[in-house]
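What follows is a short report on a single structure.
The values are calculated or read from the model by the stated rules, or taken from the named source; none is laboratory data. Bear in mind that the values here come from a model prediction, so they are computed numbers and not experimental data. Cβ: placed from backbone, ideal geometry, glycine included. Neighbour counts: every protein chain shown. For the accessible areas, the whole protein counts, side chains as well, though only heavy atoms, and no ligand, DNA or RNA atoms are used. Shrake-Rupley method; radii C 1.70, N 1.55, O 1.52, S 1.80 Å.
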Amino acid sequence: MKPVESADTSPIEATGILTQFGTNVIHKDLDFAITRGEIAGLVGGSGSGKSVLMNTLLGLKVPEAGEIRYFGKRRSDLDPVEEMRLKNEMGVLFQGGALFSSLTVRQNIMVPMIEHLDMSKALMCELADMKIHMVGLPPESAVLYPSDLSGGMKKRAGLARSLALDPQILFLDEPTAGLDPIGAHAFDTLILSLRDALDLTVLMVTHDLDSLYAICDRVAVLVDKRIAVYDRLDVVEQYDHAWVKEYFGGPRSRAALSTPGQKVATKQKGATPRGATAGH
Ligand SMILES: Nc1ncnc2c1ncn2[C@@H]1O[C@H](COP(=O)(O)OP(=O)(O)OP(=O)(O)O)[C@@H](O)[C@H]1O
């Protein structure tokens with residue numbers, strides 16, 4: 001399912017983005033392009049517009065100006081079939097998992113399948129159970145309801161649903177929020193292994209410094225309504241901006257860098273210990 005892909009084009013490239021609500025300008029002259037196969041972190045102060053940017057890249061909010069290309073093509077140039085396929089290429093894990101409380105885990109995962117795939121229910125069940133296995137949930141969780149799940153299990157169930165249609169791009173909104181350090185570390189490891197196994201491109205909005213250091217190839221900083229810097233963390237840390245200095249030079253960042261603990265085996269820049277819970 002790679003209809004709009006061309007080998008060396010960015011899965012998502014946004015240029016000159018302007019978004020606003022009434023007179024409240026959220027992004028101005030914002031440029032951002034994700035490289036295929038990377039895990040990109042997106043950080044910024046509270047209210048800086050990270051979620052709005054994610055929604056804009058997902059196509060849920062139309063920018064007032066600027067252009068977003070998906071695999072090199074403008075959304076407005078896609079025909080209805082390509083548009084539908086593009087939607088299926090983007091999986092999203094919203095904060096809290098956003099599971100339907102009246103459906104079991106398996107049924108939750110089947111929701112996008114029923115909407116978009118033409119196959120038997122039996123096959124969908126089988127696929128849903130594969131996703132359950134993929135995210136490290138026990139098989140018996142298939143018939144549990146969200147209220148029966150722990151916070152970490154809910155995240156995994158949400159992740160399984162976001163993978164239901166085998167997307168190429170995965171959007172994660174605060175995936176480790178609310179998890180204890182051990183659960184968060186396990187989730188980081190899962191994201192990394194899924195990226196490698198499924199050749200995913202991942203955009204992760206997070207306040208979790210440990211996650212940033214553990215699994216992100218590059219980190220984008222959203223300040224002053226635009227992406228001020230988007231690079232490896234060792235470069236971002238040195239970026240000359242007051243918010244960046246405070247965020248990456250503050251006590252929590254130092255804790256993330258120095259606390260002994262587990263490491264996520266990663267192909268990128270040295271993995272970083274997860275110790276104190278980070279956030280801001
Ligand atoms: N539907 C909306 N209508 C009006 N204003 C909105 C809407 N959605 C978001 N905003 C505003 O856009 C700005 C950015 O919000 P956004 O949720 O993207 O911030 P954020 O960086 O994700 O913050 P946080 O880290 O606290 O979650 C805020 O000022 C918010 O009030």
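Things worth noting here:
- The residues in the stretch 31-55 that are within 16 Å of the ligand (Cβ to nearest atom) and surrounded by 14 or more Cβ atoms within 10 Å (Cβ to Cβ) can be counted, and the count is 15.
Yes/no per residue for (1) in a loop (DSSP other than H, G, I, E, B); (2) among the basic types (Lys, Arg); (3) touching a residue at least 60 places away in the same chain (Cβ under 8 Å); (4) open to solvent by 40 Å² or more (accessible area, probe 1.4 Å):
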residue	(1), (2), (3), (4)
Ala160	no, no, no, no
Pro167	yes, no, yes, no
Leu172	no, no, yes, no
Thr176	yes, no, no, no
Ile191	no, no, yes, no
Met204	no, no, yes, no
Asp210	no, no, yes, no
Ala220	no, no, yes, no
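- Top-ranked residue in the stretch 56-77 [being within 16 Å of the ligand (Cβ to nearest atom) and within 17 Å of Gln168 (Cα to Cα); ranked as most open to solvent (accessible area, probe 1.4 Å)]: Gly59
- Lone qualifier among Ala242, Ala265 - being modelled with pLDDT under 90, hydrophobic (A, V, I, L, M, F, W, C) and surrounded by fewer than 17 Cβ atoms within 10 Å (Cβ to Cβ): Ala265
- For the criterion of being more than 13 Å from Thr35 (Cα to Cα), free of Cβ contacts under 8 Å to residues at least 40 places away in the same chain, open to solvent by less than 20 Å² (accessible area, probe 1.4 Å) and not in a loop (DSSP other than H, G, I, E, B), Val229 passes.
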